[in-house]
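A quick write-up on the structure given underneath.
We did not get these values from a lab; they are worked out from the coordinates using the rules stated. All values derive from a computational prediction rather than experimental measurement. Reconstructed Cβ throughout: ideal geometry from the backbone, glycine too, with neighbour counts over all protein chains shown.
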Amino acid sequence: MSIASSRPFRRAAPPARQGGFTLIEVLVAVVVVSIGLLGAGLTLVIVNRSNAGSYLQQSASQDMGSLLEAMRANPAGVLAGNYDGTILGTSSTTLPSCSGTPSCSPAQIATYDQAKLARALQSLPGGSVKVSTSNLGNGYVTVNLFVQWQPLAAPSGSGATQSAVPQSMTLSETL
């Protein structure tokens, strides 16, 4: 005789699954967030360098504008070619004793203006200005200013490359 149960055979229920994340899912999330934060940090470095480069360009533009205004105030010095040449931004520049008083000659005023520009160029790394003038006759002179400086160095460890090409601006004006 067989013993048969009137109940059908049932499998045991699987254990209840606990909610949460696996270790692999957590590690993947940490890697994704880390990559995003590194990208944001690099973006900040690039923006900071761009702002610094803009500051240098604005400073160069102001320096050239200041020299042009000084040249407009000393037309005899411009016509005599006293401003022609290259001006370097050096810390050893001393201002001449003649400080623009009416008793100064046009050449002394030009020397004073060049010394002031050399001091201002110290804010530009490797800054220099080349001044050339061309007499057009009838008291008119074309002034060409060429300012050049070195770009800022890339922060160490940023992975950014630094261009070895100097930055420059040119301005031509008729006085």
### Dipole moment magnitude, nearest 20 debye, region 20-141 about Cα centre, only Lys, Arg, Asp, Glu C-beta charged
160
### Query
How would you rank S50, S61, S103, going from fewest to most other Cβ atoms within 10 Å of each one's own Cβ?
S103, S50, S61
## Note on the structure
In order over region 128-135: 3J(HN,Hα) from phi, Karplus 6.51/-1.76/1.60, θ = phi - 60°, whole Hz, x for each Gly or Pro, gives 8, 10, 9, 10, 9, 10, 10, 6
### Query
Given 0.36 nm per residue, what is the gain on full extension from K130 to Q57 after removing their alpha carbon distance, in nm?
24.7 nm
